[in-house]
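Encoded as structure tokens, the structure appears first; notes follow it.
The values are calculated or read from the model by the stated rules, or taken from the named source; none is laboratory data. It should be emphasised that the depicted structure is a prediction, and the values quoted were computed from it without experimental measurement. Here Cβ is always computed from backbone atoms with ideal geometry, including for glycine, and neighbour counts include all displayed protein chains.
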Amino acid sequence: MTAESQMRTHMNKLLILLFLTSLNLTLNAQEIEEFFTPEHPFTHLFDTTIHETKISWRFETIHNNYIIQQFEEEGTIFRVKYRDFQLRVITPNSNQVFNKMYFQDSIGFDPEMFTMKLLGLEGYDEQTNELQFFLTITKPETDWTYPIYLYVNMDGVSRFELPTFEDDY
């Protein structure tokens with residue numbers, strides 16, 4: 001390698017280092033505002049009695065588990081952290097926890113972009129001895145939603161169905 005090519009190589013390295021340092025200083029100088037949705041962690045407790053059997057379920061945030069969306073506006077970086085959730089169903093014979101990963105293989109969504117929502121207990125089927133919950137897997141701030149019917153048998157067996165809806169247009 002000639003002295004001239006060595007000099008060019010060193011100059012290129014110096015220019016790249018200066019560029020990266022400048023970029024890092026620019027990013028560090030930007031204001032970052034961080035928000036949580038919902039603002040605080042929570043646990044919603046529900047219970048009922050079916051044929052003298054107590055059943056309970058909890059819909060709760062998962063500690064330190066977020067879906068993060070980030071955007072920039074007028075030089076400020078806004079980082080929104082959507083808390084992730086789980087559903088815990090407690091029957092006399094089981095204590096089961098369901099989160100979005102329980103459904104991921106069947107639906108095929110990106111777990112880094114979607115969160116789970118509980119819409120409620122839809123009912124109880126006397127014939128199958130199942131509680132029916134209605135959930136969604138949703139990408140925050142979009143209309144990308146996967147509706148799910150989750151069935152939990154009083155003996156702890158669970159299954160789910162993905163309902164299909166026809167478009168009105």
*Given the conditions (1) in contact with a Gly (Cβ under 9 Å, 6 or more places away or on another chain); (2) without any contact (Cβ under 8 Å) to a residue 24 or more places away in the chain, and given that P163 satisfies all but one, which numbered condition is not satisfied?*
(1)
*asked:* Which count do you get for residues in the stretch 86-121 that are closer than 16 Å to D47 by Cβ and in a strand (DSSP E or B)?
replied: 11
*Restrict the check to the stretch 113-135 and report whether at least one residue is modelled with pLDDT under 90 and either of a type in the set (S, T, Y) or within 14 Å of the chain's Cα centre (by Cα) (or both).*
yes
_Let me confirm something: among I90, I137, I107, which residue is within 30 Å of E52 (Cβ to Cβ), hydrophobic (A, V, I, L, M, F, W, C) and surrounded by 12 or more Cβ atoms within 10 Å (Cβ to Cβ)?_
I90
_Please determine whether any residue of the stretch 78-85 is over 29 Å from D125 (Cβ atoms), at pLDDT 90 or above and of a type in the set (A, V, I, L, M, F, W, C)._
yes
*If only one of S56, S158 is surrounded by 13 or more Cβ atoms within 10 Å (Cβ to Cβ), within 24 Å of H44 (Cα to Cα) and either free of Cβ contacts under 8 Å to residues at least 60 places away in the same chain or touching a helix residue (DSSP H, G or I) at 6+ places or on another chain (Cβ under 7 Å) (or both), which one is it?*
S56
*Taking the stretch 64-82 only, how many residues are of a type in the set (S, T, Y) and either over 18 Å from E141 (Cβ atoms) or touching a residue at least 40 places away in the same chain (Cβ under 8 Å) (or both)?*
2
*Residue in the stretch 101-142 that is farthest from R159 (Cα to Cα), counting only those that are among the aromatic types (F, W, Y) and in contact (Cβ under 8 Å) with a residue 60 or more places away in the chain*: Y124
*asked:* Out of the residues in the stretch 143-152 meeting the condition of being of a type outside the set (V, I, T) and without any contact (Cβ under 8 Å) to a residue 60 or more places away in the chain, tell me which one is farthest from F71 (Cα to Cα).
replied: Y151
